[in-house]
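Engineer: The following block contains the structure, expressed as structure tokens.
The values are calculated or read from the model by the stated rules, or taken from the named source; none is laboratory data. Since the model is a prediction, treat every value here as computed from it, not as a measurement. A quick note on method: Cβ atoms are made from the backbone with ideal geometry, for glycine too, and the neighbour counts reach across all protein chains shown.
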């Protein structure tokens with residue numbers, strides 16, 4: 001029995017047995033991470049600076065689990081047990097008692113550094129510290145902590161309950177035991193781990209974001225409309241979602257942030273963010289989460305905005 005009254009989750013004998021996980025950030029990624037961890041038997045302590053965000057996160061987890069219930073993937077009892085494993089807190093210091101911390105705050109390095117600075121004094125010496133960053137240097141984030149050997153990237157894909165891949169990114173100082181412990185967690189979730197080197201945007205976004213950025217350039221230069229670009233990639237390349245539709249789903253601010261990391265980190269003009277992408281972000285048209293992006297989502301059916 002663990003600290004929160006849930007059953008233990010075992011790891012290999014020579015690895016740290018992760019039982020309790022702190023998740024920092026209750027947004028789209030954070031609530032998804034809490035969902036899959038609790039469903040797999042881990043005790044989760046979910047933190048955010050906003051109580052309403054925490055309440056929305058628990059409600060979102062319940063709704064997503066009820067969707068799984070309707071498709072026969074989970075039972076009502078399993079939902080109640082999983083929800084019972086998630087506790088919430090506004091106090092970052094409370095996460096100090098957990099075995100593993102997954103930071104899932106906004107994709108802003110200064111915000112992440114402030115979070116790590118705040119939580120570090122409260123951690124157990126053996127606590128593993130990780131970031132769900134999709135692009136920021138793990139080595140640089142780790143260097144600001146007291147445990148660079150116990151720090152690594154733990155990048156889930158969105159939406160977390162559906163997507164099967166997790167990128168594991170070692171910084172220059174990350175030790176093998178830390179990697180193995182995180183790998184064991186990924187395996188216990190029934191997901192697949194991809195090991196990535198610590199270079200800007202890692203694997204998935206190093207390939208995906210330039211494609212999205214090029215789609216925005218194609219729109220910007222008048223080669224095609226929003227509808228024709230997305231339709232072409234769905235029907236011509238068999239993509240399940242067009243690149244502009246996907247950008248809206250991810251969040252245009254996140255896309256721009258990752259392109260800036262690529263451009264700054266690799267100093268190659270091929271990663272220059274499209275001015276139109278910047279303009280949409282400046283307008284606050286960030287995609288689905290603001291109801292407008294490359295599509296307008298305020299009506300019954302999304303309508304292209306260009």
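Engineer: Can you confirm whether region 223-238 contains a residue that is under 19 Å from the mean Cα position of the chain (by Cα), free of Cβ contacts under 8 Å to residues at least 60 places away in the same chain, in a helix (DSSP H, G or I) and crowded, with 18+ Cβ neighbours inside 10 Å? Even if it seems obvious, please write down each step before you answer.
Structural biologist: Kept after step one, since they are under 19 Å from the mean Cα position of the chain (by Cα), are these residues of region 223-238: none.
Among the residues of region 223-238, not one is under 19 Å from the mean Cα position of the chain (by Cα), free of Cβ contacts under 8 Å to residues at least 60 places away in the same chain, in a helix (DSSP H, G or I) and crowded, with 18+ Cβ neighbours inside 10 Å, which makes the answer no.
Engineer: While we're looking at this one, here's another question. Being over 18 Å from residue 276 (Cα atoms) and more than 24 Å from the chain's Cα centre (by Cα) is the filter; apply it to region 289-302 and report the residue that is surrounded by the most Cβ atoms within 10 Å (Cβ to Cβ).
Structural biologist: 302
Engineer: While we're on this one: Under 7 Å between Cβ atoms, which residue pairs at least 6 apart in sequence (or on different chains) link something in region 57-83 that is in the same structural domain as residue 36 (by TED's automatic domain parsing) with a partner that is exposed (fewer than 11 other Cβ atoms within 10 Å of the Cβ) and part of a helix (DSSP H, G or I)?
Structural biologist: Final answer for the pair search is 69/76.
Engineer: Continuing with this model, one more query. Which of the following residues is modelled with pLDDT of 95 or more, surrounded by fewer than 19 Cβ atoms within 10 Å (Cβ to Cβ) and assigned by TED's automatic domain parsing to the domain that holds residue 268: 211, 163? Even if it seems obvious, please write down each step before you answer.
Structural biologist: On the way: 163 fails: assigned by TED's automatic domain parsing to the domain that holds residue 268.
Just one listed residue meets the conditions, 211.
Engineer: When region 63-103 is examined, which residues are found to be out of contact with any strand residue (DSSP E or B) (no Cβ under 6 Å at 6 or more places or on another chain) and part of a loop (DSSP other than H, G, I, E, B)?
Structural biologist: Selection gives 71, 72, 73, 74, 75, 90, 91.
Engineer: Among the numbered criteria (1) exposed (fewer than 15 other Cβ atoms within 10 Å of the Cβ); (2) free of Cβ contacts under 8 Å to residues at least 40 places away in the same chain, which one does residue 306 miss?
Structural biologist: The one condition residue 306 does not meet is (2).
Engineer: Of the residues 79, 102, only one is crowded, with 16+ Cβ neighbours inside 10 Å and farther than 20 Å from residue 132 by Cβ; which?
Structural biologist: Values: 102 fails: farther than 20 Å from residue 132 by Cβ.
Exactly one of 79, 102 is crowded, with 16+ Cβ neighbours inside 10 Å and farther than 20 Å from residue 132 by Cβ, namely 79.
Residue by residue, here is whether (1) surrounded by 19 or more Cβ atoms within 10 Å (Cβ to Cβ); (2) touching a helix residue (DSSP H, G or I) at 6+ places or on another chain (Cβ under 7 Å) holds:
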site: 129; (1), (2): yes, yes
site: 140; (1), (2): no, no
site: 173; (1), (2): no, yes
site: 178; (1), (2): yes, yes
site: 190; (1), (2): no, no
site: 199; (1), (2): no, no
